[in-house]
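Heads up: the structure comes next, in structure tokens.
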Amino acid sequence: MAKQTFKAVYKQPRTFFQYDQGRIILYPHETVIENYTPEKKEGQEETPEPYTGYQYEGEEADGGFIRECADPTDIHDVANAIIRTRYTYSEELALQRHYMQEPEAYKDKWQAYYDFANQSAEKARRWLGIGA
């Protein structure tokens, strides 16, 4: 069963922050919307001015994901949390097993995973301010 997702738009880009002990809330799936105009709220007299909006889509109402992250200052832990927004640990292991047994049959799925893992590591580096 697919999880419900939510979208939220902010005036500033988001990355991640400590949610509680051992978990972070992160915002990896960003869409930049130029000239975003929020909906006029009830009782508001004027339509809000447009701005560059940063839209996030995730499992939480604010567009984020809550994932385990033992050390939010460690690139590997943060990259792993980003990867977990798309692949569970068991899905990752299953993909590795299948690819090792039938490389041609799983080539496209493996490449998609590989690309996402690399993008996740790059995003973690940017978020933590670590040079490539």
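Points to keep in mind about this one:
- Solvent exposure, largest accessible area first (probe 1.4 Å, DNA, RNA and ligands not counted), of 108, 20: 108, 20
- With at most 16 neighbouring Cβ atoms within 10 Å, loop GluC sites (Glu not before Pro) (DSSP) excluded, longest segment of the chain: 61-103
- Using a simple spin-label model with pseudo-atoms 7 Å out from Cα toward Cβ, residue 108 and residue 20 lie 4.1 nm apart.
- Annotation: extensible slack from residue 122 through residue 74 equals 16.0 nm (criterion: 0.36 nm per residue apart, minus Cα-Cα distance).
- Positive minus negative residues near residue 81 (Lys, Arg vs Asp, Glu; Cβ under 12 Å): +1
- ³J(HN,Hα), Karplus 6.51/-1.76/1.60, whole Hz, each residue of region 90-99, x for Gly, Pro: 5, 5, 4, 5, 4, 4, 4, 4, 5, 5
- Cut-off 12 Å (backbone N to label point 7 Å along Cα→Cβ of residue 3), residues of region 34-58: 58
- Computed from phi, the 3J(HN,Hα) profile of region 49-65 under the Karplus parametrisation 6.51, -1.76, 1.60 (θ = phi - 60°) reads 5, x, 8, 6, x, 10, 9, 10, 10, x, 7, 8, 4, 8, x, x, 10 Hz, with x in place of Gly and Pro.
- Added length on full extension, which subtracts the Cα-Cα distance from 0.36 nm per residue, residue 36 to residue 57: 6.0 nm
- Per-residue SASA entry for residue 6, accessible area with 1.4 Å probe, Å² rounded to 10: 70
- Exposure rank, largest accessible area first [65, 16; 1.4 Å]: 16, 65
- The chain: calculated mean residue ellipticity at 222 nm from DSSP helix runs of at least 4, using -39500 (n - 2.57): -11000 deg cm²/dmol
The values are calculated or read from the model by the stated rules, or taken from the named source; none is laboratory data. It should be emphasised that the depicted structure is a prediction, and the values quoted were computed from it without experimental measurement. As a convention, Cβ positions derive from the backbone with ideal geometry for all residues, glycine included, and neighbour counts pool all protein chains shown. Just so you know, the surface numbers come from the protein's heavy atoms only, side chains and all, with ligands and any DNA or RNA stripped out. Shrake-Rupley method; radii C 1.70, N 1.55, O 1.52, S 1.80 Å.
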